[in-house]
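The values are calculated or read from the model by the stated rules, or taken from the named source; none is laboratory data. Please read all numbers here as calculations on a predicted model, not as lab measurements. Cβ placement follows ideal geometry from the backbone for every residue including glycine, while neighbour counts extend to all protein chains displayed. Side chains are part of the model used for accessible areas, which takes the heavy atoms of the whole protein and leaves out ligands, DNA and RNA. Shrake-Rupley method; radii C 1.70, N 1.55, O 1.52, S 1.80 Å.
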Amino acid sequence: MKIGILGGGQLARMLALAGYPLGLDFMVLEPAADACAGPLSEHVTAAYDDPEGLEKLAAACGLVTYEFESVPAAAVERLGLSLPVFPPAGALATARDRNHEKTLFNELGIETAPFVEVHDLRTLKKAVAQIGLPAILKTRTLGYDGKGQQVIRSGDDLQAKWVAIGEVPAILEGLVDFDREVSIIAVRSVSGEMAFYPLAENVHHEGILRLSTCLPDDSHQPLAEDYARRVLKHMDYVGVLAIEFFQVGSHLLANEMAPRVHNSGHWTIEGAQTSQFENHLRAILDLPLGGTAPVGHAAMVNLIGELPDTSAVLQLKNTHLHLYGKMPRAGRKIGHVTVREDSERALQARLAQLQDLM
Ligand code: AMP
């Protein structure tokens, strides 16, 4: 079967890499001519909402998925008229809007940081009075990797902050003094089978994920799975879903969800029985899900902006290099490295060696 993917970046590329052993083919709809999934698929070079491009996908593919959540809703609706599109359109609509996703979390009994909607400078002032400072002003849509966000501290000029996020619908959210950031990768198939990977601890810098470390047997795993299960069932979800949390003591505050394979799950390629990419494909094809248990101790380091000496990386034992075929540019994710060792101690030692090369 041919799977259509909206978006042709590294997530589409890794989906294709996972899908070929299952006998699948891929077609991506992606406007960038040099899309890194292009060499692994039939590449339709057109805008995501281009009627002809969508028509090509609908005619050639058995089902469609996507690799990013800001896919135009109209494109998903149009495709949905002629073939299955997973994850479901409702999940996409919720996840693309921070106000909707946090409201849903709270409705499902999942804790979040306190947040309030902001429409203009007047409501921003009101929100600051309600939430207190420090706080973060975030655009409701199109924010990722720390984009569309401004931290507000006492004494800051609110007008300047409002202008800095582009004067668009937003939320103001309390700044959380978290112990750790963690995420869970969950997956649910068409027939409702569910599976959960071990939590990953995530380290961000300047809003961009740098390091994800798999946490086998973490004490917060049952709560994270319970929260993820509530979301999966409520949305009648199909595919991989990632939920990012701030861990504060025994609490998990949900920050955001991504209705797709996720950067904090890349460690699963070598570090779990079945990768998140393969399980996403199994889920949307209604195949049995693969095991999600960790294989050893794994961590993933993103390669951002520039490449290290790749032959030196390859000399490190138990280290796996993934290059996306993208031109290096400041702040751009151009690859990742996964380390898998037999013990936590060996993992930390290897990560230190890798860090010296970065
Ligand atoms: P986001 O785009 O919401 O995932 O935010 C990117 C990163 O900014 C998060 O992973 C955190 O490191 C940081 N961040 C976002 N929201 C908050 C918050 N309410 N409190 C503390 N840090 C935050």
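Considering only Cα atoms, the convex hull volume of the chain works out to 140 Å³ per residue. The value for region 288-358 of Rg(Cα) / (2.2 N^0.38 Å) is 1.20. Dividing the Cα radius of gyration of region 2-85 by its Kirkwood radius returns 0.92 for Rg/Rh.
About the centre of its Cα atoms, the chain shows a dipole size close to 240 debye [charges on the beta carbon of Lys, Arg (+1) and Asp, Glu (-1) only; nearest 20 debye].
Residue-wise HN-Hα couplings along region 25-40, as the Karplus relation 6.51 cos²θ - 1.76 cosθ + 1.60 with θ = phi - 60° gives them from phi, are 10, 9, 10, 10, 9, 7, x, 6, 5, 9, 3, 6, 8, x, x, 9 Hz; Gly and Pro carry x. Note on Lys125: lysines with a C-alpha under 24 Å away, same-chain residues under 8 apart excluded, are Lys102, Lys138, Lys147, Lys161.
Over the C-alpha trace of region 148-200, radius of gyration and Dmax come out as 18.3, 53 angstrom. The relative contact order of the chain, computed from alpha carbon pairs under 8 Å that lie at least 6 residues apart in sequence, is 14 percent. Annotation: amide H of Ala272 within the under-5 Å range of Val295, sequence separation 5 or more or interchain, hydrogens built in the peptide plane. Around the amide H of Leu303, modelled in the peptide plane, lie the amide H atoms of Ile334, Gly335, His336, Val337, all under 5 Å away and 5 or more residues distant in sequence or on another chain.
Relative contact order for region 177-275: what is it in percent, counting Cα pairs under 8 Å that are at least 6 residues apart?
Numbers: 179 pairs, mean separation 30.5, N = 99.
Contact order relative to length: 31 percent.
Excluding the site residues themselves, the longest part of the chain lacking any trypsin sites (Lys or Arg not before Pro) in a DSSP loop with at most 11 other Cβ atoms within 10 Å is 154-316.
Based on the mean of other Cβ atoms within 10 Å per residue, sort peptides 245-251, 89-95 so the most packed one is first. Can you show the working numbers first?
Details: 245-251: 16.3, 89-95: 19.6.
Listed from highest to lowest mean packing, they are 89-95, 245-251.
Converting phi to 3J(HN,Hα) with the Karplus coefficients 6.51, -1.76 and 1.60 and the offset θ = phi - 60°, region 7-23 yields x, x, x, 5, 5, 5, 4, 6, 5, 5, 4, 7, x, 4, x, 8, x Hz in sequence order, with x at every glycine or proline. The value of relative contact order for region 114-174, using C-alpha pairs under 8 Å at least six residues apart, is 51 percent. What residue among Leu199, Leu158, Leu17 has the largest mean-square fluctuation in a Gaussian network model of the chain, using Cα springs under 10 Å? Of Leu199, Leu158, Leu17, the Gaussian network model singles out Leu158 as fluctuating most. Near the amide H of Gly207, within less than 5 Å, lie no amide hydrogens of residues on another chain or at least 5 residues away, with H placed in the peptide plane.
Heavy atoms only, probe 1.4 Å: what % of the accessible area of the chain goes to carbon and sulfur, would you let me know? Write out the running numbers ahead of the final one.
Values: 7580 of 14980 Å².
The value for the chain is 51 percent carbon and sulfur by accessible area.
From the P(r) of region 173-308, can you give the percent of Cα pairs sitting at distances over 18 Å?
Every Cα pair in region 173-308 considered, those over 18 Å come to 52 percent.
Helix-only arithmetic for the chain: the sum of -39500 (n - 2.57) across DSSP H runs with n ≥ 4, divided by the residue total, places the mean residue ellipticity at 222 nm at -8500 deg cm²/dmol. Working from the Cα coordinates of region 103-224, the gyration tensor eigenvalues give, after taking √(5λ), semi-axes of 31, 17, 14 Å in decreasing order.
Derived scalar couplings between HN and Hα for region 196-202 equal 9, 7, x, 4, 10, 8, 10 Hz in order, rounded to whole Hz, by the Karplus curve 6.51 cos²θ - 1.76 cosθ + 1.60 (θ = phi - 60°), x for Gly and Pro.
Towards the positive end of the charge dipole of the chain, with charges on Cβ (+1 Lys, Arg; -1 Asp, Glu), say which of Val240, Gly166, Leu83 has the farthest Cα. Of the options given, the answer is Gly166. So what does log10 I(q)/I(0) come out to for region 60-125 at q = 0.14, 0.20, 0.22, 0.25 Å⁻¹, using the Debye formula with one equal point on every Cα and no solvent? Here the Debye-derived log intensity ratios amount to -0.56, -0.85, -0.93, -1.04. Normalising the Debye intensity of region 114-174 to I(0), with uniform scatterers on Cα atoms only, and taking log10 at q = 0.13, 0.20, 0.21 Å⁻¹ returns -0.25, -0.62, -0.69.
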